[in-house]
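Just below is one structure, and these are the notes that go with it.
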Amino acid sequence: VAPYERPALSKGFLLPESPARLPSFHTCVGANEERLTPKWYKEHGIELVLGTRVKSVDVRRKKLLTATGETISYKILLIATGARALKLEEFGVDGSEAENVCYLRDLADANGLVNVMQSCSSGNAVVIGGGYIGMECAASLAINKINVTLVFPEVHCMARLFTPKIANYYEEYYQSKGVKFVKGTVLTSFEFDSSGKVMAVNLRDGSQLPADLVVVGIGIRPNTSLFEGQLTLEKGGIKVNGKMQTSNDSVFAVGDVAAFPVKLFGETRRLEHVDSARKSAKHAVAAIMEPKKSGEFDYLPFFYSRVFGLSWQFYGDNVGEAVHFGDYLSGTFGAYWISKGHLVGSFLEGGTKEEYEAIAKATSLKPPVEDLAELGEQGLNFALTISKKPQPALPIEVSHSTSGLVLEKPMYAWYAAAGVVLAASIAGFAYWYGRRRRRW
């Protein structure tokens, strides 16, 4: 099918009432932009080739070979191959082929999961993994009145992002919806019935869980195999510069597969999120179409999720010391991360549009923070105040804004004065040198 937005698969697609279905979530409706249906591509002169896989790529010769034997030549190649779901077999566990063991990465996976869900109403589901897919699928399964047990090896859910305090809030909320948590252990094997379906899950801690449905969300791996040995790889993905350009100047990469320089962190990272995919794609196209006008990609990392009646957003980086704020009883709370005396990350649950925009802007500015206790007391007001402050003019000659070069007005006066001094110096030297020549 034509490109679509994956977040819908673990959210609206699995809901029992008015579930999301194509064409409602074609690219890029999630960003309030045009819905790119097959008709849209045709109207804009874009050849959309479906049901075809690229079998090999020759970067040096600028050619692609498809599984059907067709050769496609290119002038510019943009890699948006994304990532694939990690399979249990990669961790020594067999059973992925059982019809009631489900992954969730593409539309076919989502359709398969819905079919199994409908066949085990009021049954038992075991979700393997406490990250994005695990948490969002567990919520959707619970809404479908299926008994859910969430299993993961970490001490709390969303361990890569949440602090223990934040995680505790969500775990308690999930438990109030009937979801059970089994933490600190992993799946080791399945028990199968005579038809080959999974009927139970065996865990490393020795326990066994009954299962009519198993959902596996244990991470993803970027699809880089076509380019190994041809392009520079880093952080598990394809390394690109600030224009999303790879080690070959005719090849660009975007989305989950791209490892790009993040200015806020001062290092190269690979980010697995739809927001990064959308914005890196826009920047790459701008760099391809107008290379002299496009600047460096300046991206503020952003993650979000919506489950049950909850909704959170996170900006920046969760390193350094976390400072919690807000009212957990009311459901509006958050945290700031302070590293080397500056705000580098912000999390907020239950905020308004203005409040989310405020924490985003405050994080991008990286303001200094001296008193952590005072910061916790100020809470959201800190971000709201910082975001409304007028920003001082840049103290340097050239801004690295993507809009181009920005020269500060005071510099013009400096240049003029310097020019007068230089001209006078040259004139004085010429007069002196002329008089010496005459004396010689």
Could you check the stretch 275-284 and list, in sequence order, the residues that are in contact (Cβ under 8 Å) with a residue 12 or more places away in the chain, over 16 Å from N223 (Cβ atoms) and open to solvent by 30 Å² or more (accessible area, probe 1.4 Å)?
R278, K279
Quick one: H273 ticks every box in (1) farther than 30 Å from L14 by Cα; (2) out of contact with any helix residue (DSSP H, G or I) (no Cβ under 7 Å at 6 or more places or on another chain) except a single one, so which number is it?
(1)
Pull up the stretch 189-211, narrow it to residues that are touching a residue at least 24 places away in the same chain (Cβ under 8 Å) and open to solvent by 70 Å² or more (accessible area, probe 1.4 Å), then point me to the one that is nearest to R60 (Cα to Cα).
K197
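Rundown of residues vs (1) on the phi > 0 side of the Ramachandran plot; (2) at pLDDT 50 or above; (3) not charged (D, E, K, R), yes/no style:
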site	(1), (2), (3)
H342	no, yes, yes
L348	no, yes, yes
K361	no, yes, no
E377	no, yes, no
Q391	no, yes, yes
F429	no, no, yes
R437	no, no, no
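Name every residue in the stretch 51-68 that is open to solvent by 80 Å² or more (accessible area, probe 1.4 Å) and at pLDDT 95 or above, in order of residue number. Full working, then the answer.
Within the stretch 51-68, the first condition is being open to solvent by 80 Å² or more (accessible area, probe 1.4 Å), and the residues that meet it are 51, 53, 55, 60-61, 63, 68.
Once the filter is applied, which keeps residues that are open to solvent by 80 Å² or more (accessible area, probe 1.4 Å) and at pLDDT 95 or above, the stretch 51-68 yields R53, K55, R60, R61, K63.
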Residues (open to solvent by less than 30 Å² (accessible area, probe 1.4 Å), of a type in the set (S, T, N, Q) and without any contact (Cβ under 8 Å) to a residue 60 or more places away in the chain) located in the stretch 247-274:
T268
Evaluation of R6 against (1) under 30 Å from V127 (Cβ atoms); (2) basic (K, R); (3) in contact with a Phe, Trp or Tyr (Cβ under 6 Å, 6 or more places away or on another chain) (one fails), failing number:
(3)
Pair list, Cβ < 9 Å and 6+ apart or interchain, from the stretch 88-109 residues that are part of a loop (DSSP other than H, G, I, E, B) to residues that are crowded, with 19+ Cβ neighbours inside 10 Å and among the polar types (S, T, N, Q):
L104/S10
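Consider the stretch 342-353. How many of its residues are in contact (Cβ under 8 Å) with a residue 24 or more places away in the chain and open to solvent by 30 Å² or more (accessible area, probe 1.4 Å)? Outline the logic, then answer.
Initial filter on the stretch 342-353 (in contact (Cβ under 8 Å) with a residue 24 or more places away in the chain): 342-351.
Right, trim to open to solvent by 30 Å² or more (accessible area, probe 1.4 Å) and you get 342, 350.
Residues in the stretch 342-353 being in contact (Cβ under 8 Å) with a residue 24 or more places away in the chain and open to solvent by 30 Å² or more (accessible area, probe 1.4 Å): 2 in total.
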Search the stretch 61-84 for residues that are touching a residue at least 24 places away in the same chain (Cβ under 8 Å) and pair each with any residue that is aliphatic (A, V, I, L, M) and in a loop (DSSP other than H, G, I, E, B) when their beta-carbon atoms are under 7 Å apart and the residues are at least 6 apart or on different chains.
L78/V254; A80/V254
Of (1) among the hydrophobic types (A, V, I, L, M, F, W, C); (2) out of contact with any strand residue (DSSP E or B) (no Cβ under 6 Å at 6 or more places or on another chain); (3) assigned to a helix (DSSP H, G or I), A142 fails just (2)
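Conditions tested, residue by residue: (1) in the same structural domain as E97 (by the TED database); (2) assigned to a strand (DSSP E or B).
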| residue | (1), (2) |
| --- | --- |
| G196 | yes, no |
| N202 | yes, yes |
| I238 | no, yes |
| N241 | no, no |
| S247 | no, no |
| D256 | no, no |
| T268 | no, yes |
List every residue pair whose Cβ atoms lie under 6 Å apart, where the two residues are 6 or more positions apart in sequence or sit on different chains, the first residue falls within the stretch 5-21 and is within 17 Å of A142 (Cβ to Cβ), and the second residue, located anywhere, is among the hydroxyl-bearing types (S, T, Y).
L14/S140
State the number of residues belonging to the stretch 66-79 that are assigned to a strand (DSSP E or B) and over 22 Å from Q245 (Cα atoms).
2
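The values are calculated or read from the model by the stated rules, or taken from the named source; none is laboratory data. Here the structure is a predicted model, which is why all the values come from computation and not from measurement. Using ideal geometry, Cβ is built from the backbone for each residue, glycine included, and neighbour counts are taken over all protein chains shown. Keep in mind that these areas ignore ligands, DNA and RNA; they rest on the heavy atoms of the full protein, side chains included. Shrake-Rupley method; radii C 1.70, N 1.55, O 1.52, S 1.80 Å.
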